[in-house]
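I have placed the structure first, in the form of structure tokens, so that the comments after it can refer back to it.
The values are calculated or read from the model by the stated rules, or taken from the named source; none is laboratory data. Quantities reported herein were computed from a predicted structural model and do not represent experimental measurements. As a convention, Cβ positions derive from the backbone with ideal geometry for all residues, glycine included, and neighbour counts pool all protein chains shown.
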Amino acid sequence: MKVDPEKLIELFRVEPGTKCKLKDHDPAWAGTDEMKELGKDELKERAQNYLRSNLQELTAAQELLYASDTYSLLIILQAMDAAGKDGVIKHVMSGVNPQGCQVHSFKKPSDEELDHNFLWRCMKSLPERGRIGIFNRSYYEEVLVVKVHPELLERQRLPPGKRGDAFWEGRYDDINRFERHLNRNGTKLLKLFLHVSRKEQKRRFLERLNQPDKAWKFSAADSAERRYWSDYMDAYETALSATSTKWAPWYVVPADHKWVTRTLIAYLITSSIKSLGLEYPQPTAEQFQAMEQAKAALLEE
């Protein structure tokens, strides 16, 4: 059975101007009804085969991106804890030349970062032209975790003012304008929300606690945040709705099955680079002449 990847991806795109409702996105999605006719095992095997073949396509796409030196790709990964962001970086990007890819993980802001606007620490980590940049969390934390825990605003040394709906609308507007600026200047954005269920997160937390080689990943703070699950879902829905734009749409990627998550993201990354319509730079007449002279000199040796 042949599946049109682009039509499939439309299932996960948050259409600009629409309200995102996470209840309409199944975290345990594992194929359309037509795809499920293959059976789970066969479908999983096909997905894994695709992932392996896509690594070759991604390697070629990255090389073209680097050679053209005109655009960059910024991948933003947002998710609840244990949704698989690190695994995506490890497995999906395994075929990428490290020289053309940079990963930044954003934790609790430092004093220096708090002395700047909320976009600053991400601004200075943007990928150069020709490179892929991955943000493991990003400036979106400022309308997610900070919105769920508004007391964090007290550390941000902001000018006096109310912190109601207008404040958050201002932040969404800042983000949209910033991303439009990036798009206009050659940085293509791929924004991915890894949508894991509360049940699957619990299972993964317990797995970490029960396996010595995974226990180091566990944080008591991560578990404590489960108390705010509904607040986080509300914050995500609002943020996704407000900041999914034509120039930088969001994708809600099912994250309960890692093979689904990685396969979909692998396709999205490769297709994002291909959509730029890049070509290898052609040598100028002077460069071509120099190449011919160098070739002749080598053949004479």
Please list, ordered by first then second residue, the pairs with beta carbon atoms under 8 Å, 6 or more apart or interchain, first in region 207-232 and acidic (Asp, Glu), second outside any helix (DSSP H, G or I).
207/214; 222/81; 222/82; 225/80; 225/81
Out of curiosity, is residue 251 under 25 Å from residue 184 (Cβ atoms), touching a residue at least 40 places away in the same chain (Cβ under 8 Å) and not charged (D, E, K, R)?
yes
Return the pairs, sorted by first residue and then second, in which the second residue is aromatic (Phe, Trp, Tyr), the first residue lies in region 185-206 and is surrounded by fewer than 18 Cβ atoms within 10 Å (Cβ to Cβ), the beta carbons are less than 9 Å apart, and the residues are 6+ apart or on different chains.
186/71; 198/229
Can you spot a residue in region 131-141 that is more than 18 Å from the chain's Cα centre (by Cα) and more than 22 Å from residue 194 (Cβ to Cβ)?
no
Starting from region 67-89, keep only residues that are on the phi > 0 side of the Ramachandran plot, then list their pairs with residues that are of a type in the set (Ser, Thr, Tyr) whose Cβ atoms are within a distance under 9 Å, requiring at least 6 positions of separation or different chains.
84/261
Given 246, 295, which one is within 30 Å of residue 10 (Cα to Cα), of a type outside the set (A, V, I, L, M) and out of contact with any Lys or Arg (no Cβ under 8 Å at 6 or more places or on another chain)?
246
Of the residues that sit in region 256-282 and are part of a loop (DSSP other than H, G, I, E, B) and surrounded by 11 or more Cβ atoms within 10 Å (Cβ to Cβ), which one is modelled with the lowest pLDDT?
281
Find all pairs meeting these conditions: Cβ atoms under 9 angstrom apart; at least six residues apart or on different chains; first residue within region 25-38 and surrounded by fewer than 16 Cβ atoms within 10 Å (Cβ to Cβ); second residue modelled with pLDDT of 65 or more and among the hydroxyl-bearing types (Ser, Thr, Tyr).
26/197; 28/197
Is it fair to say residue 236 is surrounded by 14 or more Cβ atoms within 10 Å (Cβ to Cβ), within 20 Å of residue 107 (Cβ to Cβ), at pLDDT 95 or above and not β-branched (Val, Ile, Thr)?
yes
Could you go through region 159-169 and let me know if any residue there is free of Cβ contacts under 8 Å to residues at least 60 places away in the same chain, surrounded by 11 or more Cβ atoms within 10 Å (Cβ to Cβ) and touching a Pro at 6+ places or on another chain (Cβ under 9 Å).
yes
Residue among 149, 91 that alone is over 25 Å from residue 184 (Cβ atoms) and modelled with pLDDT of 95 or more:
149
